[in-house]
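The values are calculated or read from the model by the stated rules, or taken from the named source; none is laboratory data. No experiment lies behind these values; they were computed from the predicted model shown. Virtual Cβ from ideal backbone geometry, glycine too; neighbours counted across all protein chains shown.
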Amino acid sequence: MNFKKFHSDEDVKAFAFQYSSLSGHKESATVTEIGDGNINFVYRVADKCGYSVIVKQALPYVRIIGEGWPLSQDRIRIEAQTLQIAGQYCPDLAPEVYHFDRDLCAIVMEDIGAHQNLRHLLIARENLPLLGRHLGCYLASTLFYTSDFFLDPYAKKEQVANFINPDLCKITEDLFFVDPYCDHERNSINELVRTEAEALWEDSVLKLEVAKLKAKFLSQPQALLHGDLHSGSVFASVEGTKIIDPEFAFCGPIGFDVGSIVGNFLLSYAGHSQIAAVDDNGAYQTWLLQVINELWDEFETCFRQLVLEHGTEPSLAVPEYIDWFLKEIFSDSLGFAGTEIIRRTIGLAHVADIEEIHDLEKRAEAERLALSLGRRLIKSRYEIADVASIL
């Protein structure tokens, strides 16, 4: 591979113009660096007519750390191919990939600038009437069509091999299943909830259940996952939804994707429990729970329909098996939602839904609620029969 980092705006523009529908003179185009910039470089390139595309390039290390934290550049190939698969089965819910360059470790793709970061929208208490249904449809479609329900055994095993993603999976394994359950140096803990964190570290029943969930993450290649489906990986508007950034994609347990996004809605729920700027008597929290309900309802309904109409493995299409399978996925999703909530509360990467609560005691109250929810979901996931029980 002849990798060459983009060193100037001219490099970025040349790549974007070559592999997209940008028009006019490159000299008059603009390049703006966007995104959080923690791992990759992401640029918006706009021509003089206002048409724009996104360019993303992966470096051989974590950008904000430097060469001291090497990271496989194969993640950008995984991201491009995962986006293409999502685009094949739910084109309205994923950005279109115009070109992937293996040597440059770079993608040119659709600019979804008309949509906004879902996390910011949730903090601003925006109501998005299509969100739950769209997320449920995305999950059902991408997970069904990359599972044994649809793929023949040879294609499925080839897919598992093609999406081996050890570097980024290791990050997930540590941040989800290890660090939050001990006094790890990577953790970031509000001292006002240290007592609750220490109690969690001493909870042997909880740690056993987390070990079981980690074992599923390590050993159940049920479908091709997004792998990092949080509210910052979703862009939305009143009219539509787009899911981006699947560089953590790999073949794993279906409940991990479902649980990750559900956990983010519950983190937002916890944050809004302490936000007094708008007194809506809990209406927005009620809406967040409604989104979870709609998400699971759409996922289950759509997944069942896809199995019955497009399933290729007759032994898996037995109605009783589908019932059992979806019940298992529901329980797994609750458990993984719990790990997402806990790791975002006392682990390395927190969420603005809670971090932007400036009153430290109120923030601590939101964090206590989050930790309580996370523990309950993990330990009681087989006792919670349906979404109504969560609500």
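A few notes on this one:
- ASP103 vs. criteria surrounded by fewer than 24 Cβ atoms within 10 Å (Cβ to Cβ), assigned by TED's automatic domain parsing to the domain that holds LYS56 and assigned to a helix (DSSP H, G or I): no
- Of the candidates GLY132, GLY66, GLY35, the single residue that is in contact with a helix residue (DSSP H, G or I) (Cβ under 7 Å, 6 or more places away or on another chain) and either closer than 25 Å to LYS170 by Cβ or assigned by TED's automatic domain parsing to the domain that holds PHE235 (or both) is GLY132.
- Residue within the stretch 162-180 that is surrounded by 21 or more Cβ atoms within 10 Å (Cβ to Cβ) and in a loop (DSSP other than H, G, I, E, B) present: yes
- Residue selection: LEU121 satisfies the criterion of being in the same structural domain as THR146 (by TED's automatic domain parsing), buried (at least 19 other Cβ atoms within 10 Å of the Cβ) and of a type outside the set (Ser, Thr, Tyr).
- For GLU294: the one exception among (1) within 30 Å of TYR154 (Cα to Cα); (2) surrounded by fewer than 23 Cβ atoms within 10 Å (Cβ to Cβ): (1)
- Residue count for the stretch 222-241 satisfying the condition of being within 26 Å of VAL62 (Cβ to Cβ) and buried (at least 21 other Cβ atoms within 10 Å of the Cβ): 9.
- In the stretch 88-109, the qualifying residues are those that are touching a strand residue (DSSP E or B) at 6+ places or on another chain (Cβ under 7 Å) and of a type outside the set (A, V, I, L, M), and the one that is nearest to SER268 (Cα to Cα) is PRO95.
- Matching residues, the stretch 61-73, being buried (at least 16 other Cβ atoms within 10 Å of the Cβ), of a type in the set (A, V, I, L, M) and in a loop (DSSP other than H, G, I, E, B): LEU71
- Checked against (1) free of Cβ contacts under 8 Å to residues at least 60 places away in the same chain; (2) touching a Pro at 6+ places or on another chain (Cβ under 6 Å), GLU355 passes all but condition (2).
- Lone qualifier among ILE342, ILE329, ILE357 - being modelled with pLDDT of 95 or more and outside any helix (DSSP H, G or I): ILE357
- When ALA385, ALA370, ALA349, ALA337 are checked against the criterion of being under 19 Å from PHE176 (Cα atoms) and surrounded by fewer than 15 Cβ atoms within 10 Å (Cβ to Cβ), ALA349 stands alone in meeting it.
- Qualifying residues in the stretch 38-63 (those that are of a type in the set (Lys, Arg) and touching a helix residue (DSSP H, G or I) at 6+ places or on another chain (Cβ under 9 Å)) - the one nearest to ILE164 (Cα to Cα): LYS56
- Options VAL258, VAL262: the member that is in contact (Cβ under 8 Å) with a residue 40 or more places away in the chain and farther than 29 Å from VAL108 by Cα: VAL262
- Condition met for ILE76 (part of a helix (DSSP H, G or I) and within 19 Å of PHE248 (Cβ to Cβ)): yes
- Scan of the stretch 125-145 for residues that are assigned to a helix (DSSP H, G or I) and either closer than 22 Å to GLY311 by Cβ or more than 15 Å from the chain's Cα centre (by Cα) (or both), ordered by number: ARG133, GLY136, CYS137, TYR138, LEU139, ALA140, SER141, THR142, LEU143, PHE144
- Scanning the stretch 81-100 for residues that are free of Cβ contacts under 8 Å to residues at least 24 places away in the same chain and part of a loop (DSSP other than H, G, I, E, B) returns a single hit, GLU96.
- Any hit, the stretch 31-46, residues being more than 24 Å from GLY227 (Cβ to Cβ) and among the hydroxyl-bearing types (Ser, Thr, Tyr): yes
- Number of positions in the stretch 279-299 that are touching a residue at least 60 places away in the same chain (Cβ under 8 Å) and closer than 22 Å to LEU373 by Cβ: 14
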